[in-house]
Amino acid sequence: MAETSGYFLYQFDPVRPELITEPDAWGEDDLRLAEEHFGYLQRATADGVVLLAGRSPDASGPAIVLLYASSRDEALRFMRSDPFVAGGLMRASLHPFRPALLERWFDRA
């Protein structure tokens, strides 16, 4: 059964684990993808698609994007178009997300 519009979360998994623990592991192409990734999410946040994006600063927690989409297929397209994923630097897994508590400004339902 396909999910209707709502919240989705995707979590990154680096293709090269040292990207999380070793800042010097980022090559020129990796840094270019990081800039494109940030711009992609920044534009989507301004458009109201991305609600939250970030990562754990201790390198042991997840890096996630929380978005609102009209369907799972739309969320999947968005995730696959993320430059980190499209560029092969990160794998990502998509999950439906049901918030239990939200600040009023955050609630789209």
Give, rounded to the nearest 20 debye, the magnitude of the charge dipole that the chain has about its Cα centre when Lys and Arg contribute +1 at Cβ and Asp and Glu contribute -1 at Cβ. 520 debye
Can you list the HN-Hα couplings for the stretch 31-42, worked out from phi with the Karplus curve (6.51, -1.76, 1.60; θ = phi - 60°), rounded to whole Hz and with x for Gly and Pro? 5, 5, 5, 5, 5, 5, 4, 4, x, 4, 6, 5
The stretch 48-109 shape via C-alpha gyration tensor axes, a/c threshold 1.5: oblate
Whole-Hz Karplus ³J(HN,Hα) for the stretch 62-78, in order, using 6.51 cos²θ - 1.76 cosθ + 1.60 and θ = phi - 60°, x for Gly and Pro? x, 10, 9, 10, 10, 9, 10, 9, 6, 6, 4, 4, 5, 5, 5, 4, 4
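A short reminder: the numbers here are calculations on the coordinates, not readings from a lab. All values derive from a computational prediction rather than experimental measurement. For neighbour counting, all protein chains shown are included, and Cβ atoms are generated from backbone atoms with ideal geometry for every residue, glycine included.
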